[in-house]
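Enquirer: Pasting a structure here, questions to come.
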Amino acid sequence: TMNNGVRFLECPLSGNSDQIAKGNGIALVGGERADFDAAQPVLNALCKQSHFLGSAGSGGRAKLAVNLVGGLNRAVLGEGLAFAESMGLELNAFLEVLKTSAAYNRAMDTRGQKMVERDFTPHAWLKQSLKDFTLMHEVAARVGQELPLATLYTQLIESCIAHGEGELDNSVVVEEL
């Protein structure tokens, strides 16, 4: 959008705080395509990738959907690790199996070792995940979209927070599982 010669883009970043600080975030851009094209040098300096998603507001909506998939991937990983452990599998070895299997998802790289080692030093706070998932539910209700898996994950997060884990990394969901 142009305002007195100034052009604006909506540009939420996807990634945890470490990824963003290292320039490995993903820009989810909404606005005018010509402004996105003109801003490429700046976006390239800030992020490893940028994606034009349409009109203003599209970037924020895409970030909500990305965060939904990311949160559910962490939950799936946590449940899989808890299940493997309950069957007596050695978790470091099992995590390596997961990383080379058809079940692979990036949460295995970013959160797998934290879950195995029970290292919940925050890179992305659990309380932030609750804020995101609450917002997802609000948006979903407005557009008439059911989010049954997100509802289960939100209950998982709320249980963790009730146990005093809100300030920990969002990988702490493995403890609840």
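The values are calculated or read from the model by the stated rules, or taken from the named source; none is laboratory data. All figures in this text were calculated on a predicted structure; none of them were measured in a lab. Positions of Cβ are generated from backbone atoms using ideal geometry, with glycine treated the same way; all protein chains shown enter the neighbour counts. Ligands, DNA and RNA are excluded from the accessible area calculation, which covers all protein heavy atoms including side chains. Shrake-Rupley method; radii C 1.70, N 1.55, O 1.52, S 1.80 Å.
Enquirer: Considering only the stretch 23-41, how many residues are touching a Lys or Arg at 6+ places or on another chain (Cβ under 9 Å) and either charged (D, E, K, R) or part of a helix (DSSP H, G or I) (or both)?
Expert: Within the stretch 23-41, residues that are touching a Lys or Arg at 6+ places or on another chain (Cβ under 9 Å) and either charged (D, E, K, R) or part of a helix (DSSP H, G or I) (or both) number 4.
Enquirer: On to the next question. Tell me which residues, restricted to the stretch 46-79, are under 30 Å from L177 (Cα atoms) and among the charged types (D, E, K, R).
Expert: R61, K63, R74, E79
Enquirer: Could you tell me which of the residues L68, L89, L77 is in a loop (DSSP other than H, G, I, E, B) and of a type in the set (A, V, I, L, M, F, W, C)? Steps first, answer last, please.
Expert: Details: L68 fails: in a loop (DSSP other than H, G, I, E, B); L77 fails: in a loop (DSSP other than H, G, I, E, B).
Going through L68, L89, L77 in turn, the sole match is L89.
Enquirer: Considering only the stretch 42-64, I want to know if a residue exists there that is closer than 20 Å to L149 by Cβ, open to solvent by 40 Å² or more (accessible area, probe 1.4 Å), part of a helix (DSSP H, G or I) and touching a Pro at 6+ places or on another chain (Cβ under 9 Å).
Expert: Pass one, the stretch 42-64, residues closer than 20 Å to L149 by Cβ: 61-64.
Okay, now just the ones that are also open to solvent by 40 Å² or more (accessible area, probe 1.4 Å), so 61, 63.
From what is left, the residues that are part of a helix (DSSP H, G or I) are 61, 63.
From what is left, the residues that are touching a Pro at 6+ places or on another chain (Cβ under 9 Å) are 63.
Yes, some residue in the stretch 42-64 is closer than 20 Å to L149 by Cβ, open to solvent by 40 Å² or more (accessible area, probe 1.4 Å), part of a helix (DSSP H, G or I) and touching a Pro at 6+ places or on another chain (Cβ under 9 Å).
Enquirer: What are the residues in the stretch 115-168 that are aromatic (F, W, Y) and farther than 13 Å from L68 by Cβ, if any? Outline the logic, then answer.
Expert: If we filter the stretch 115-168 for residues that are aromatic (F, W, Y), which is where we start, we get 120, 125, 133, 153.
Hits for the stretch 115-168 are F120, W125.
Residues are listed down the side, and each one gets a yes or a no for (1) open to solvent by 60 Å² or more (accessible area, probe 1.4 Å); (2) among the basic types (K, R); (3) modelled with pLDDT of 95 or more:
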| position | (1), (2), (3) |
| --- | --- |
| E10 | no, no, yes |
| G15 | no, no, no |
| N24 | yes, no, no |
| D35 | no, no, yes |
| Q40 | no, no, yes |
